[in-house]
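See structure below.
The values are calculated or read from the model by the stated rules, or taken from the named source; none is laboratory data. Keep in mind it's a predicted model, so treat the numbers as computed, not measured. Every residue, glycine among them, receives a Cβ derived from its backbone with ideal geometry; neighbour counts consider all protein chains shown.
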Amino acid sequence: MGQGVEIPDKLFFRIGEVSGLLGLKPHVLRYWETEFPSLRPQKSRTNQRLYRPKDIEILQQLKQLLHEEGFTIAGARKALSRSRKAVAENEDSDAGQLDLGLQSDEAKSIRKRVSEANSEELARAQEELVQLKQTLDAERKAHQAFRAKFREGLEAMRNAAKALTDKDPDGA
């Protein structure tokens with residue numbers, strides 16, 4: 001990609017800030033949102049667009065493709081999609097592989113170990129969730145039994161009070 005703008009260290013940017021950073025008019029940014037599904041800034045409670053650094057990187061890429069390399073919207077959409085797929089595949093392979101010069105066998109071995117570790121972690125988490133569910137189910141049943149006994153006791157007290165008032169309606 002050509003020269004990119006350095007993105008300040010912030011979580012969110014308003015459309016005016018992004019417009020100034022990239023040298024694009026706000027209406028262009030809004031239009032691109034309609035044309036590129038990967039570009040979806042969040043909205044604030046007041047419905048203002050809040051762009052994340054990731055969104056700005058996509059916009060930089062779009063500016064490069066559309067304004068500097070002369071792509072059409074459709075061509076830029078395809079190029080962006082291919083680029084995002086390639087990035088996802090690289091991230092899936094192994095982050096440590098990037099500039100460490102690992103051979104493919106080493107990378108496969110690392111991926112396998114990471115995958116096994118993730119599987120073990122998921123299995124442990126699933127086991128914990130099952131135990132939690134069992135505990136909650138048991139507590140729910142105990143609570144239901146307590147409520148049933150409480151209702152029985154309450155009903156017995158009402159009946160006893162009614163019996164007393166039925167015997168002596170004047171309360172004397």
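Residues checked against (1) surrounded by 10 or more Cβ atoms within 10 Å (Cβ to Cβ); (2) modelled with pLDDT under 90; (3) closer than 26 Å to E57 by Cβ:
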{"site": "S81", "(1), (2), (3)": "yes, yes, yes"}
{"site": "D92", "(1), (2), (3)": "no, yes, yes"}
{"site": "S119", "(1), (2), (3)": "yes, yes, no"}
{"site": "A145", "(1), (2), (3)": "yes, no, no"}
{"site": "A172", "(1), (2), (3)": "no, yes, no"}
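Pairs meeting the criteria (first residue in segment 43-58 and free of Cβ contacts under 8 Å to residues at least 12 places away in the same chain, second residue outside any loop (DSSP other than H, G, I, E, B), beta carbons under 6 Å, at least 6 apart or on different chains) are S44/L50. Among the residues of segment 25-35, is any part of a loop (DSSP other than H, G, I, E, B) and touching a Lys or Arg at 6+ places or on another chain (Cβ under 9 Å)? Taking every residue of segment 25-35 in turn, none turns out to be part of a loop (DSSP other than H, G, I, E, B) and touching a Lys or Arg at 6+ places or on another chain (Cβ under 9 Å).
For R111, the conditions (1) among the basic types (K, R); (2) touching an Asp or Glu at 6+ places or on another chain (Cβ under 8 Å); (3) at pLDDT 85 or above are fulfilled apart from (3). Taking the criterion of being in a helix (DSSP H, G or I) and hydrophobic (A, V, I, L, M, F, W, C), the residues of segment 69-85 that qualify are I73, A74, A76, A79, L80. In the set (1) part of a loop (DSSP other than H, G, I, E, B); (2) under 23 Å from A79 (Cβ atoms), the condition left unmet by V18 is number (1). Just to be sure before I move on: is G4 touching a helix residue (DSSP H, G or I) at 6+ places or on another chain (Cβ under 9 Å), in a loop (DSSP other than H, G, I, E, B) and among the small types (G, A, S) in the structure I sent? So G4 passes the test.
Of everything in segment 21-42 that is among the aromatic types (F, W, Y) and touching a residue at least 24 places away in the same chain (Cβ under 8 Å), the residue that is farthest from K78 (Cα to Cα) is W32. Residue count for segment 18-58 under the criterion of being within 18 Å of the chain's Cα centre (by Cα) and among the hydrophobic types (A, V, I, L, M, F, W, C): the result is 2. Is it the case, given these coordinates, that T46 is surrounded by fewer than 18 Cβ atoms within 10 Å (Cβ to Cβ), in a helix (DSSP H, G or I), out of contact with any Cys (no Cβ under 9 Å at 6 or more places or on another chain) and polar (S, T, N, Q)? Judged against the criteria, T46 is not a match.
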